[in-house]
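Student: First the structure, then my questions, so here it is.
The values are calculated or read from the model by the stated rules, or taken from the named source; none is laboratory data. Worth saying up front: this structure is predicted, and the values here are computed from it rather than measured. Cβ placement follows ideal geometry from the backbone for every residue including glycine, while neighbour counts extend to all protein chains displayed.
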Amino acid sequence: MNDTRRTAIITGASRGIGHATARLFADRGWRILTSSRDDVPAECLRDPAWTRHIVADLAEPGSLERFVAEANATIGDAPLHALINNAGWSPKTPFKERLGVLNGDLDAWRQVFELNFFAPLRLARGFASALHRGKGAIVNVTSIAGHAIHPFAGSAYSTSKAALSGLTREMAAELAQLGIRVNAVAPGEIETAMLSPETEVLLPRIPLNRLGQPEEVAKTVYYLASEESAYVTGTEVFITGGQHLL
């Protein structure tokens, strides 16, 4: 990695918001390293900007450690300019019941927190030196569900995203001494595979009266990772079409 292009690591990159984000960074000339539990489309891997994709289950600490080691080996002594913590999981029931405090399996809660909360923490630690070299930025993907009761997102998911919002502030304060900025985006109802089919009933609660698109989230992630937001840290941007106002 000896040219002057900027480098980003993006998790959960095989589909949805993560894939749209990876494509946008690649289109804007960044070198990208990605991770997900699945492979990405073959046409993406043929893109010379898509430096490497590492299949890993970031909810498993051992798999996460291997990913960090392989990614750091790829980066070498070069700087890292952005870490996008996008990978997340929201468990569902086959009969469309919301998983709450009383009916959610506690083992599932632990898995949700491993991926949605502990993975961003472990990745920030694992790539802190490379980010310090690049005076880089971390962008955590939280959720509107972390700030209010959501009719479809379960309690484990919502609580983990609220915890990630708090972690974003803590990271921002602590990592500033390393020259690393830390921010978050909180998407609302974005049209991805994670979206519940019943989500359309929420349209009257969205002032812009439509679902969001993954590319719209990706553009905000890019802004927070780029030098255009060089004096922005410790903030969380709502990408909800105004839904969080109601």
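Student: Suppose the filter is within 20 Å of Gly100 (Cα to Cα), exposed (fewer than 15 other Cβ atoms within 10 Å of the Cβ) and at pLDDT below 95; does Ala148 pass it?
Tutor: Here the answer is yes, as Ala148 does meet what is asked.
Student: Continuing with the same structure: Could you please find all residues in segment 77-126 being charged (D, E, K, R) and either out of contact with any Asp or Glu (no Cβ under 9 Å at 6 or more places or on another chain) or modelled with pLDDT of 95 or more (or both)?
Tutor: Selection gives Asp77, Lys92, Glu97, Arg98, Asp105, Asp107, Arg110, Glu114, Arg122, Arg125.
Student: Looking at Leu246, is it under 24 Å from Leu115 (Cα atoms) and of a type outside the set (Ser, Thr, Tyr)?
Tutor: no
Student: Can you pull out every residue in segment 166-216 that is more than 22 Å from Glu227 (Cα to Cα) and small (Gly, Ala, Ser)?
Tutor: Gly166, Gly188, Ala193, Ser196, Gly212
Student: Just checking, does segment 93-104 include any residue being in a helix (DSSP H, G or I), free of Cβ contacts under 8 Å to residues at least 24 places away in the same chain and not β-branched (Val, Ile, Thr)?
Tutor: For segment 93-104, residues in a helix (DSSP H, G or I), free of Cβ contacts under 8 Å to residues at least 24 places away in the same chain and not β-branched (Val, Ile, Thr): absent.
Student: Okay, moving on. Of everything in segment 1-32, what is among the polar types (S, T, N, Q), out of contact with any Lys or Arg (no Cβ under 6 Å at 6 or more places or on another chain), farther than 17 Å from Asp57 by Cα and in contact (Cβ under 8 Å) with a residue 12 or more places away in the chain? Give them in sequence order.
Tutor: Asn2, Thr21 - these are the residues of segment 1-32 that are among the polar types (S, T, N, Q), out of contact with any Lys or Arg (no Cβ under 6 Å at 6 or more places or on another chain), farther than 17 Å from Asp57 by Cα and in contact (Cβ under 8 Å) with a residue 12 or more places away in the chain.
Student: Let me ask something else. Those residues that are at pLDDT 95 or above, crowded, with 16+ Cβ neighbours inside 10 Å and not basic (Lys, Arg), I need them from segment 166-206; list them, please.
Tutor: Leu167, Thr168, Met171, Ala172, Leu175, Ile180, Val182, Asn183, Ala184, Val185, Ala186, Pro187
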